[in-house]
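Step one of this worksheet: look at the structure below.
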Amino acid sequence: SASLFSAIEMAPRDPILGITEAFNADTNPAKINLGVGVYYDDNGKVPLLACVQKAEAILIEQAAPRTYLPIEGLAAYDKAVQELVFGADSAVIQERRAITVQAIGGTGALKIGADFLQRFAPGAQVYISDPSWENHRALFESAGFVVNNYAYYDAATHGVNFAGMLADLKAMPRGSVVLLHACCHNPTGADLSSAQWDEVIAAVSAGGLVPFLDMAYQGFGAGIAEDGAVVRRFAAAGGPLLISNSFSKSFSLYGERVGALSVVAASAEEAGRLLSQLKRVVRTNYSNPPVHGGKVVATVLTTPELRQLWEEELAGMRVRIKEMRDAFVKKLKEKAPEHDFAFVRDQVGMFSYSGLSKAQVEQLRAQSIYAVDTGRICVAALNSRNIDIVIDAIAKVL
Ligand code: PLP
């Protein structure tokens, strides 16, 4: 007889996890997975950063009891994150208008922000870039929002359709929530120029939109401060502002789930009210965040030698990805001179919309090279040993 669960259907498969499953099932020892969203070093391994190892050694030595953190997280963490995201000399910090709560990764930060907005702006609609990170739409829909796209990627130029984006921003109803990738756009790798950000900020202000900046890759674009500059410019423009940030990639701490949500209020008094409501969202979801990752990141960010080490290690990741972009473009030019992949060098962050079609991605798969059907490749999964294999395979399918 029918039970509560018997009629429940299978949920749709996550397309990216599907690639990983197919990759894992492939018995070819030379298989290569470019479908991932993770930084690998030149040996094809997820790094454990030396700054993290050193911070963990300090924490083990301290042998602190595992008490609950406050609902908003570790105070030292929240403060250090705030200074990283807004800049240590930020006016919004000095005026106590910024609040930051530790979150369970960047995803958790987005979800706290979405639940908070749903509570206080229930009629607003959300706009995300076309395309955007896999989970943005589902996450805001699950918080109760209608989610729309704004124009973003231009397949013809492999860059941003800026005229389309700006027109869409200008057409959004006042009070709409607009989700923007602060840097290193996932999945396309196509970012706005500084001048284009000026126009976006002006359109957001003039249109009375609520900007929600998602910064999952700070330090992977031009540098830590350079990538964070967008946040500072939005903060300076005034108006409500939300920022989710993640240390999954920049600290290679994926499984520790370390991120934060920051919100900029109009006054210190308003900030206090917002913080109390954000705490309520956290409290009713998971009560308070985990200790370990927050302590590791806070220790690194606030200990000068470790901080310097982190900045060097992050620069190392950033530079290696750029080298892979260069090598990709150069080698493809040699193998397939009639095709122009120079745009891959202009894209930033871990990903590239390579322009490969679904059919070409399928042909690559037959050669045990795995990419996303959209043509997204993870440049950070290329290394000095697999790049020639990848280039040969791509040249064959072009
Ligand atoms: N936002 C974007 C744009 C991302 O690419 C990712 C991760 O891939 C996230 C958020 C989520 O980050 P986390 O893994 O820290 O939850």
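Of all the residues that make up region 72-117, how many are more than 16 Å from the ligand (Cβ to nearest atom) and surrounded by 19 or more Cβ atoms within 10 Å (Cβ to Cβ)?
14
Examine region 256-265 for a residue that is at positive phi and either of a type in the set (S, T, N, Q) or in contact (Cβ under 8 Å) with a residue 60 or more places away in the chain (or both), and state whether such a residue exists.
Looking through region 256-265, at least one residue is at positive phi and either of a type in the set (S, T, N, Q) or in contact (Cβ under 8 Å) with a residue 60 or more places away in the chain (or both).
Can you tell me how many residues within region 119-140 are surrounded by fewer than 18 Cβ atoms within 10 Å (Cβ to Cβ) and away from the ligand (no atom under 16 Å from the Cβ)?
6
Given the structure, is E56 in a helix (DSSP H, G or I), charged (D, E, K, R) and not assigned by TED's automatic domain parsing to the domain that holds I224?
The answer is yes for E56.
Restricting to region 300-341, and then to whatever is of a type in the set (S, T, N, Q) and assigned to a helix (DSSP H, G or I), can you tell me which residue is nearest to F220 (Cα to Cα)?
The selected residue is Q308.
With respect to Q360, is the statement that it is surrounded by 15 or more Cβ atoms within 10 Å (Cβ to Cβ) and farther than 25 Å from H185 by Cα true?
So Q360 fails the test.
I'd like to check something: does region 15-37 contain any residue that is closer than 22 Å to D227 by Cα and either at pLDDT below 95 or of a type in the set (G, A, S) (or both)?
yes
Filter region 246-291 down to the residues that are within 15 Å of the ligand (Cβ to nearest atom) and more than 20 Å from the chain's Cα centre (by Cα) and list them by number.
Correct list: N285, Y286, P290.
Looking for something over 23 Å from A91 (Cα atoms) and modelled with pLDDT of 95 or more - is there at least one such residue anywhere in region 258-272?
Yes, there is a match, as at least one residue in region 258-272 is over 23 Å from A91 (Cα atoms) and modelled with pLDDT of 95 or more.
The values are calculated or read from the model by the stated rules, or taken from the named source; none is laboratory data. The model shown is predicted, which means the values in this text are computed figures rather than measured ones. Positions of Cβ are backbone-derived with ideal geometry, glycine not excepted, and every protein chain shown enters the neighbour counts.
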